[in-house]
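**Student:** Can you keep this structure in mind? I'll have questions shortly.
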Protein chains: 2
Amino acid sequence: MKSVNLKRLAEELNLSVATVSRALNDRYDISQPTKDRVRELANKLNYEPNPYASGLRNQKSRTIGVVIPEVANHFFSLAINGIEEVARANDYHVLIYLTHEDYEREVSVARLLAGGRVEGVMISVASGSRDYAHLDSLQERGIPLVFFDRVHEELATAKVTTNDYESSYQATRHLLDNGCRAIAHLTLSESLSIGKRRLQGYVDALKAAGIPYDEELVVHALANKAQDIQTIQELLLKRPDIDGFFASIESLAMYTYEACRNLGLVIPTDIKVIGFSNLEMASLLDPPLTTITQPAYAIGKEAATILFRAITKNALITATQSLELKSELIVRGSTRASVDMVAAKAHQQRS
Amino acid sequence: MKSVNLKRLAEELNLSVATVSRALNDRYDISQPTKDRVRELANKLNYEPNPYASGLRNQKSRTIGVVIPEVANHFFSLAINGIEEVARANDYHVLIYLTHEDYEREVSVARLLAGGRVEGVMISVASGSRDYAHLDSLQERGIPLVFFDRVHEELATAKVTTNDYESSYQATRHLLDNGCRAIAHLTLSESLSIGKRRLQGYVDALKAAGIPYDEELVVHALANKAQDIQTIQELLLKRPDIDGFFASIESLAMYTYEACRNLGLVIPTDIKVIGFSNLEMASLLDPPLTTITQPAYAIGKEAATILFRAITKNALITATQSLELKSELIVRGSTRASVDMVAAKAHQQRS
């Protein structure tokens, strides 16, 4: 295949190489008909600019990088869809990098991106993320950065998050209302900002109900399925008084289902379960899972909008552009109050 | 932050820039102690080569591109994990590109990759993929390409797939054995190689059981949740004789659950359901879903191994390197034979 370069396009169109280049870059000093002619031929001949050469000249890769912990979580797959919608509207490509919740890999990806292959970065940090120097250095190199969902509060840039504290308070309150008294909280990491806020919402809801905080009921999961199920089972065996589980991420709610089944415990009769989740099939589970559902698509879209505003206007992103969107409690069978409880409430109301 | 370049490393180490560069590139003519000294300082100072500059000189980005239709499907999230394991062992980065089942986007991504920003490409083609000229041109530019799961048979390169025909035959046979006589087949695309093979396995299993092929029972889904559920409901209303569903992708099995529930049909009593799926929570559904489960992680790993052999040895990939791995039928509640059926079988065996 004969390679198609600017020179060949220029020859075929009887234009100068400079004119062809400026037409392809949509410069103001080239007329629309010329731009159209050049682009038509470029498309026809499958012309692809050399990204290294053009990257060197104008530092434009028309690409953004999205760094996330995992793809199996439905929150992230929906957020990516929101991000891609905005990127497509701006005619940019999206590169996805996975950290697998590992700090070292997050640092390595940040270094790679700092080398200049993307024009902007969106990140939801790994649960093992200990500091943010690696992200700071992206900004120092002039690469705009936006956090979504999992953030480093201290870094001066925009963060798009949800009302984690309120949602967590509400979830715990819902379990209490439906009769739970010993509620376990499953969390990925307390070093994460969302981990902290969700824990605080849980603690405060218990306190408001006159239930003291019990450290033994807060479990840090390890992001390994077999081990996490084992941990949950051991907790259930050690503390037979547990009657509710509040999982701060989707997979931990699923592992609670498996642990209960392994031990012959029935949801919601013996144990009630609620989890942060964007699982489309939550309603198809046995029993259907009560969820705190984040507006994942909107989070991705809003965060990308902030990033592209910075890229296209060559403007700075400030922390004041941060947004907080609202999550939603969707009540399903996994937290249903027992018949006794309902009867007792009815009795209470009558008397 | 003062930028760290080769010159600065050379100054601090009292070496020439050429020596530092050759040490970082692991050239044979530099001693191991020198390489160690250079790398130690490079790590300490957070040195990151400019990918554009080094890309221009030696065409090495130490990056591979993985092109997939979507991330919400568990097959792909597991395959990515397998790919990343091999990439990490080779000290390469993985970029993930999504096509959202759209042919135009696949072409656009292929063009971008043809520009040389990756050293190799792995692809599972979009359901709308009509031809393979865009992939052919990657190979023509010397960028090795490996297909996994969804392939273009005609392209001369390695393909890592599963035994789709046999799995599909087995799934249909399983529904027949458990009493189904009018089995609907939900497929994403017949133009895809796997779509064709899965359809053929279904048709042949019916034929072997003396059941003629009924075109009306083969439904092409549109990859849009609301529309797909609507299509399934309309089919169920039009054809009340349907007693089984065989879904060729995970989401279509889930949509069948929703459609049945919307119409008040009970799985497995009224309708039995089986689907190709890598859903970890298949066993937690109501009822648990019978699946044909592909070895997704192994597929990703084997395909990446073939790609890296080509990259590191600068060798060609040929179609003879293709592999076929085996999928597994996992029987669960969604295809359970009715009590009558079991009684009839027992009766048959006794007489």
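Bear in mind these aren't lab numbers, they're just calculated from the coordinates by the rules spelled out. From a predicted model like this one, the values you see are computed outputs, not experimental measurements. Backbone-built Cβ (ideal geometry, glycine too); neighbour counts: all protein chains shown.
**Student:** 7 Å along Cα→Cβ for the label point: how many nanometres lie between A:THR312 and each equivalent label in the other copies, listed shortest first?
**Tutor:** Spacings between copies for this position, smallest first, are 4.5 nm.
**Student:** How many angstrom separate the Cα center of region B:117-161 from the Cα center of region A:310-329?
**Tutor:** Each part reduced to its Cα centre gives a spacing of 38 Å.
**Student:** Taking every DSSP beta bridge that has both residues in the protein assembly as shown, what percent is antiparallel when rounded to the nearest 5?
**Tutor:** Antiparallel: roughly 10 percent of the beta bridges in the protein assembly as shown.
**Student:** Related question: What is the set of long-range amide H partners of B:TYR97 at a cut-off below 5 Å, with H atoms built 1.01 Å from backbone N?
**Tutor:** B:VAL66, B:VAL67, B:ILE68
**Student:** Right, here's the next one. Which distances, in nm and shortest first, link the B:LYS238 label point to the same label point in every other copy, taking 7 Å along Cα→Cβ?
**Tutor:** Ordered by distance, the counterparts are at 5.8 nm.
**Student:** Using the Cβ atoms and a cut-off under 11 Å, what net charge is assigned to the surroundings of A:LYS301, where Lys and Arg are +1 and Asp and Glu are -1?
**Tutor:** -3
**Student:** If a paramagnetic tag sat 7 Å from the Cα of B:ALA156 along the Cα-Cβ line, which residues of region B:292-313 would have the backbone N under 19 Å from that point?
**Tutor:** Zone members listed by number: B:307, B:310-311.
**Student:** Also: Please state the relative contact order of region B:75-183 as a whole percent: Cα pairs under 8 Å, 6+ residues apart?
**Tutor:** Relative CO of region B:75-183 lands at 18 percent.
**Student:** Please identify the chymotrypsin sites (Phe, Trp or Tyr not before Pro) of region A:137-232 that satisfy two criteria: DSSP loop assignment and at most 15 other Cβ atoms within 10 Å. Which are they?
**Tutor:** Passing both the DSSP loop test and the Cβ count: A:TYR213.
**Student:** How much length, in nm to one decimal, is gained on full extension between B:LEU265 and B:GLU40, taken as 0.36 nm per residue of separation minus their Cα-Cα distance?
**Tutor:** Fully extending the segment from B:LEU265 to B:GLU40 adds 74.4 nm.
**Student:** Can you compute the label reach from B:ASP204? Point 7 Å from Cα along the Cβ direction, backbone N cut-off under 13 Å, restricted to region B:145-177.
**Tutor:** B:163-173
**Student:** Let me ask another. Count charges around B:ALA205 for me, please; just the other residues with Cβ under 14 Å from its Cβ, Lys/Arg as +1, Asp/Glu as -1.
**Tutor:** Net of charged neighbours comes to 0.
**Student:** How high is the relative contact order of region A:6-48, in percent, counting Cα pairs under 8 Å that sit 6 or more residues apart?
**Tutor:** It rounds to 33 percent for region A:6-48.
**Student:** Shortest first, in nm, what separates the label point of A:LEU323 from those of the same position in the other copies (7 Å along Cα→Cβ)?
**Tutor:** 4.4
**Student:** Roughly how many debye, to the nearest 20, is the charge dipole of the protein assembly as shown about its Cα centre, given +1 on each Lys and Arg Cβ, -1 on each Asp and Glu Cβ, and no other charges?
**Tutor:** The dipole of the protein assembly as shown has a size of about 1560 debye.
**Student:** Taking R0 as 41 Å, what FRET efficiency do you get between A:GLU328 and B:ASP177 from their Cβ-Cβ distance, rounded to the nearest 0.05?
**Tutor:** Using R0 = 41 Å, I get an efficiency of 0.40.
**Student:** What FRET efficiency comes out for the pair B:LEU316/A:THR318, r = Cβ-Cβ distance, R0 = 60 Å, nearest 0.05?
**Tutor:** 0.70
**Student:** Take every residue in peptide B:68-74, count the Cβ atoms of other chains within 10 Å of its Cβ, and give the average of those counts.
**Tutor:** Partner Cβ neighbours, averaged per residue: 5.
**Student:** Past 18 Å, Cα to Cα: identify those pairs from A:LYS7/A:LYS60; B:LYS159/B:LYS225; B:LYS159/B:LYS301; B:LYS159/B:LYS196; B:LYS207/B:LYS272, in the order given.
**Tutor:** Those over the limit are A:LYS7/A:LYS60; B:LYS159/B:LYS225; B:LYS207/B:LYS272.
**Student:** Next up: Tilt of helix A:103-114 relative to the longest C-alpha principal axis of chain A, in degrees (0 to 90, nearest 10)?
**Tutor:** With rounding to tens, the tilt is 20 degrees.
**Student:** Return a whole-number percent for the relative contact order of chain A, with Cα pairs under 8 Å and 6 or more residues apart as the contact set.
**Tutor:** Averaging sequence separation for qualifying contacts and normalising by length gives 18 percent for chain A.
**Student:** Over the whole of B:99-107, what's the average partner chain Cβ count within 10 Å per residue? Rounded to a whole number, please.
**Tutor:** 1
**Student:** With a/c under 1.5 counting as rounded, go ahead and sort the protein assembly as shown into rounded, prolate or oblate using the C-alpha gyration tensor (a ≥ b ≥ c being the square roots of the eigenvalues; past the cut-off, prolate if a/b is larger than b/c, else oblate).
**Tutor:** In terms of gyration-tensor shape, oblate.
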